[in-house]
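These notes are about the structure you will find just below.
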Amino acid sequence: LYQISVFGGSPRLLFAQGWLPAVSPDGSRIVFITGSYMNEQLWMMRSDGSQPQKLIGQPNDFFGSVTWSPDGSRIAYTAAHFVVGVGTKSSIEILDPSKPERQPILSPPRIGQWVAWTADNRLVYSVEEPSPNQSDSNLWAVNLNSRGQPSTAPVQLTTEAGTLGPITLAAGGKRLAFVKKHFQPD
């Protein structure tokens, strides 16, 4: 993970071998993923790269994207854990970085890796479509209460063909953009 000024200059290394960073709403902290495949961990550091610390992660864990709550008190992320002979269990979890205890809140079938927490306290996430459209994925959303638990049933937001890429929130968390990929074999 590197920091670079929009005014130019040389990039500055913040953390080696980190990816999918999420900057807190106040810009003071960064949560990111590190580790090797199926042995990934969530870490947090100050935005200048100081005070890196492991939050969670154990053998056979892997994570998708990470997003901050609008007030910066919690993070949400997609997680999967592989168990030999059982398979992979995937979920969306919420974590308070000051006391890292994993709290699974949703376990939709075929969950994707992308998640975003909007300013109006909704969690938007990707879900892969069932066969024969398993190459497609769409966005779903669920309202969260003040404790970060679902307060409504999930609602499907998009119904398009193609695979979803990263979800990005604009400053203030009121506008959302996402990548939709279509592969054309020939």
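Per-structure values
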{"quantity": "Solvent-accessible area per residue for the range 1-111 (1.4 angstrom probe, square angstrom)", "calculated": "54 Å²"}
{"quantity": "H182 - accessible surface, heavy atoms, 1.4 Å probe, Å² rounded to 10", "calculated": "130 Å²"}
{"quantity": "10 Å binning of all Cα-Cα separations within the range 122-165, expressed as whole percents from 0 upward", "calculated": "30, 43, 23, 4"}
{"quantity": "Mean separation of Cα contacts under 8 Å (6+ apart) over length of the chain, as relative contact order %", "calculated": "11 percent"}
{"quantity": "Paired Rg and Dmax values of the range 5-54, which use every Cα atom, in angstrom", "calculated": "11.7, 38"}
{"quantity": "Length gained when the stretch T158-V179 is fully extended (0.36 nm per residue, less Cα-Cα span)", "calculated": "6.3 nm"}
{"quantity": "Long-range Cα-Cα pairs in the range 1-106 (distance over 17 Å), rounded percent", "calculated": "53 percent"}
{"quantity": "Answer label for Kirkwood radius over Cα pairs in Å (calculated), chosen among (i) 20.5; (ii) 18.9; (iii) 17.3", "calculated": "(iii)"}
{"quantity": "Accessible surface of the chain, 1.4 Å probe, proportion on carbon and sulfur as whole %", "calculated": "53 percent"}
{"quantity": "Separation of alpha-carbon centers, the range 32-103 and the range 153-182, rounded to whole Å", "calculated": "21 Å"}
{"quantity": "Cα-based Rg and Dmax for the range 68-161, where Dmax is the largest Cα-Cα distance (Å)", "calculated": "13.8, 43"}
{"quantity": "Neighbourhood net charge (11 Å Cβ-Cβ; Lys/Arg +1, Asp/Glu -1) for R29", "calculated": "-1"}
{"quantity": "Relative packing of 35-48, 140-153, 104-117, which averages over residues the other C-beta atoms within 10 Å, highest first", "calculated": "104-117, 35-48, 140-153"}
{"quantity": "For a label point 7 Å along the Cα-to-beta-carbon line of E101, residues of the range 52-94 with backbone N under 14 Å", "calculated": "94"}
{"quantity": "Accessible area per residue, Å², the range 123-186 with all protein chains present, probe 1.4 Å", "calculated": "63 Å²"}
{"quantity": "For the chain, size of Cβ-based charge dipole, Lys and Arg +1, Asp and Glu -1, in debye", "calculated": "360 debye"}
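The values are calculated or read from the model by the stated rules, or taken from the named source; none is laboratory data. Everything quoted here is computed from the prediction, not taken from an experiment. We place every Cβ from the backbone using ideal geometry, glycine too, and count neighbours over all the protein chains shown. Heavy atoms of the whole protein, side chains included, go into the accessibility calculation; ligands, DNA and RNA do not. Shrake-Rupley method; radii C 1.70, N 1.55, O 1.52, S 1.80 Å.
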